[in-house]
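Here the structure is laid out as structure tokens; the discussion comes afterwards.
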Amino acid sequence: MNMKKQAVRMLLALAGLTASAVVLAQANAPASAATTAAVSGQGTEYTEQGADTCLGCHDDEGDTYSASAIFKGKHAHRGDKRAPFGAGGLQCEACHGPGARHAAKGSKKALTINSFKADSFLPVEQRNQACLGCHEGQARSAWHGAAHDRGKVACTDCHKMHVERDPVRVKATEPGVCYTCHAKQRADFQKTSSHPVRTGSMACSDCHNAHGSSSPAMLVKATVNQTCFSCHADKRGPVLWEHAPVAEDCSLCHTAHGSVRTALLTKSPPLLCQQCHSPAGHPSVARSGASLPGGGGGGSIFLVAGSCSNCHTQVHGSNHPSGSKLMR
Ligand code: HEC
Ligand code: HEC
Ligand code: HEC
Ligand code: HEC
Ligand code: HEC
Ligand code: HEC
Ligand code: HEC
Ligand code: HEC
Ligand code: HEC
Ligand code: HEC
């Protein structure tokens, strides 16, 4: 793609138009057509020297922000035609938009360049489109309409470009990025029982696709259970004696993030179990209860014996020929 076509594509991308047919039709039109598509405020001209112009001020020596860390990442790959610094690429301006006007004045007050910051003159959809112009599809195919898009979250609320390693893409530092907005989850993962996110051996993206998915809560798999099975395959079954709620939804008993109870439970037994099972008329306890400490009436034993799972140990289902009551 030649420079002019790419310039037009960028302008259209900033204006929120992505249909490739439009891009191709416009690419052959006079430059003025592209100019009218430009966002008001931002300069419409690209610099002639590209990055060289920008680096005149934004290099390691200058007193302005040094942009050079970008050269350590994949965006700077010269051999990759799709990348900003690939042959014919718009370099810095592939992301920041046409910058001739900014470069001439060198001032951010003029609001002439896409800074990707919250105070940018560009609304979040257009800032995102500057990235999606190259990154639509695949992992981001569900971006549009998913919670982060609806919540007006910017790609650059999570991603940093001018760093050697993008913290959101490193397991140990990813949660910290998420917590800037999701404070409740930070508290959950501090609880005594929690998935090992605090230690850095798991991250939010093991269960969630931050770019959106068609599942509830943007889970990486179609359902809660399938998400859990990707690591807890032993709970998938099939088992001889199934416990109905386990096959239905793990979150009937577990919270995924953190709990003050053991084993990430939403409630402790017997309360957990009694949400569905009535304590009245528990057959075995009524019969054998007298021999147990505190014995007497069936109901009291039932509670003294405490956790139902002391007897019903196979709460996820049993494969034992006589495990129908989930006891072995
Ligand atoms: C003549 C010097 C000069 C040139 C050339 C220049 N800039 Fe700047 N740029 C500045 C100054 C000064 C600032 C304000 C820095 C500050 O206040 O921290 C700035 C700020 C920025 C910002 C942040 C804007 C904001 O709102 O925070 C971006 C992004 C930027 N420049 C990108 C570029 C790009 C891309 C190019 C090349 C197309 C470029 N600059 C060329 C001097 C220059
Ligand atoms: C001109 C096209 C282009 C633009 C604009 C662009 N990218 Fe990229 N990006 C690429 C290419 C090409 C790669 C390398 C892909 C690969 O190797 O698979 C890449 C890689 C990435 C990666 C992975 C980096 C890595 O080291 O693996 C992230 C994250 C990313 N881009 C985010 C963004 C964000 C956020 C924006 C907007 C601020 C953006 N990109 C704008 C073309 C672009
Ligand atoms: C809520 C935080 C968040 C937002 C917002 C976000 N990302 Fe990401 N992105 C991540 C995380 C976490 C990863 C690494 C794990 C993964 O691939 O799912 C990632 C990985 C990537 C990658 C590299 C892996 C790949 O799939 O090629 C690219 C490219 C990327 N994001 C582009 C974007 C673009 C473009 C946007 C805006 C439309 C965006 N991201 C918005 C969190 C985010
Ligand atoms: C892949 C997209 C991309 C490319 C290419 C790119 N930038 Fe940026 N730039 C960003 C994003 C996103 C930010 C916001 C801060 C961040 O992510 O690190 C930014 C921030 C900046 C800032 C402001 C930093 C601040 O905090 O005040 C300057 C200046 C800047 N870039 C200059 C450049 C220059 C010069 C080049 C070319 C050498 C360039 N950028 C190439 C995406 C890009
Ligand atoms: C800039 C703020 C921000 C950041 C950073 C952020 N989120 Fe969000 N997140 C939101 C907003 C806003 C919503 C929508 C809230 C709502 O609908 O109540 C949301 C919703 C969600 C949801 C619920 C989705 C649904 O369909 O109900 C999940 C899951 C989520 N975010 C995960 C993450 C993960 C994982 C990260 C880090 C990789 C992250 N978020 C980073 C702002 C953010
Ligand atoms: C072990 C898998 C797992 C991990 C790890 C995980 N989540 Fe979740 N998350 C879930 C499940 C499951 C739900 C609830 C989905 C449902 O029931 O609809 C959820 C729900 C959410 C929601 C929606 C609101 C809520 O609490 O129900 C947000 C926001 C969220 N997670 C953010 C995060 C963040 C941020 C991280 C990382 C710090 C993270 N999650 C790590 C599995 C996980
Ligand atoms: C990416 C892998 C992964 C996924 C996905 C996953 N887990 Fe885990 N889970 C773990 C690891 C690792 C541990 C900690 C094991 C340990 O400490 O020995 C764990 C521990 C647990 C525990 C025991 C916690 C305790 O304090 O004893 C429960 C319960 C649990 N997971 C339920 C779930 C549920 C429910 C889901 C689905 C929402 C799920 N897990 C998804 C990896 C995963
Ligand atoms: C009917 C309630 C219930 C449901 C539904 C349930 N669990 Fe559990 N789970 C428990 C109880 C109770 C414990 C604690 C067992 C104990 O104390 O030994 C537990 C413990 C665990 C543990 C840690 C100990 C172990 O056995 O490895 C994991 C992991 C686990 N559950 C995963 C899951 C997954 C995955 C699902 C969904 C497929 C699920 N659970 C559904 C009640 C449930
Ligand atoms: C969300 C509701 C729910 C929760 C919570 C729940 N169960 Fe169940 N349980 C069921 C259903 C439904 C059945 C199947 C009943 C049937 O087939 O008649 C069942 C079956 C059983 C059976 C086998 C009964 C039989 O007649 O074979 C036992 C034993 C059992 N549950 C024990 C427990 C224990 C112990 C707990 C707590 C750790 C628990 N349940 C939590 C819904 C639940
Ligand atoms: C002292 C051991 C013990 C404790 C504690 C216990 N159970 Fe049982 N439970 C049994 C035995 C033994 C049976 C099997 C009776 C039979 O085969 O007829 C049984 C049967 C059941 C059944 C099947 C009922 C039916 O009609 O066939 C359910 C449901 C059940 N228990 C739930 C619970 C719940 C919920 C708790 C905790 C509130 C609990 N149990 C605590 C020993 C126990």
Single residue of the stretch 121-145 satisfying the filter (of a type in the set (Gly, Ala, Ser) and out of contact with any helix residue (DSSP H, G or I) (no Cβ under 6 Å at 6 or more places or on another chain)) that is most open to solvent (accessible area, probe 1.4 Å): Ser141
Scanning the stretch 261-276 residue by residue, those touching a residue at least 24 places away in the same chain (Cβ under 8 Å), open to solvent by 80 Å² or more (accessible area, probe 1.4 Å) and more than 21 Å from Val197 (Cβ to Cβ) turn out to be Cys276
Residue list for the stretch 214-229, restricted to those being part of a loop (DSSP other than H, G, I, E, B), at pLDDT below 95 and open to solvent by 30 Å² or more (accessible area, probe 1.4 Å): Ser214
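With at pLDDT 90 or above and more than 20 Å from Arg165 (Cα to Cα) as the only criterion, which of Gly99, Gly79, Gly43, Gly88 stands out?
Values: Gly99 fails: at pLDDT 90 or above; Gly43 fails: at pLDDT 90 or above; Gly88 fails: at pLDDT 90 or above.
The unique qualifying residue is Gly79.
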Residue in the stretch 230-260 that is farthest from Ala147 (Cα to Cα), counting only those that are hydrophobic (A, V, I, L, M, F, W, C) and open to solvent by less than 50 Å² (accessible area, probe 1.4 Å): Val239
Looking at Gly88 and the list (1) touching a residue at least 60 places away in the same chain (Cβ under 8 Å); (2) crowded, with 19+ Cβ neighbours inside 10 Å; (3) over 31 Å from the mean Cα position of the chain (by Cα), which single condition is not satisfied? (2)
Looking at (1) open to solvent by 40 Å² or more (accessible area, probe 1.4 Å); (2) at pLDDT 95 or above; (3) part of a helix (DSSP H, G or I), find the lone condition where Val168 falls short. (1)
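The values are calculated or read from the model by the stated rules, or taken from the named source; none is laboratory data. Keep in mind that what you see is a predicted model, and the values were worked out from it rather than measured. Because the Cβ atoms are built from the backbone with ideal geometry, glycine has one as well, and the counts that use them run over all protein chains shown. For the accessible areas, the whole protein counts, side chains as well, though only heavy atoms, and no ligand, DNA or RNA atoms are used. Shrake-Rupley method; radii C 1.70, N 1.55, O 1.52, S 1.80 Å.
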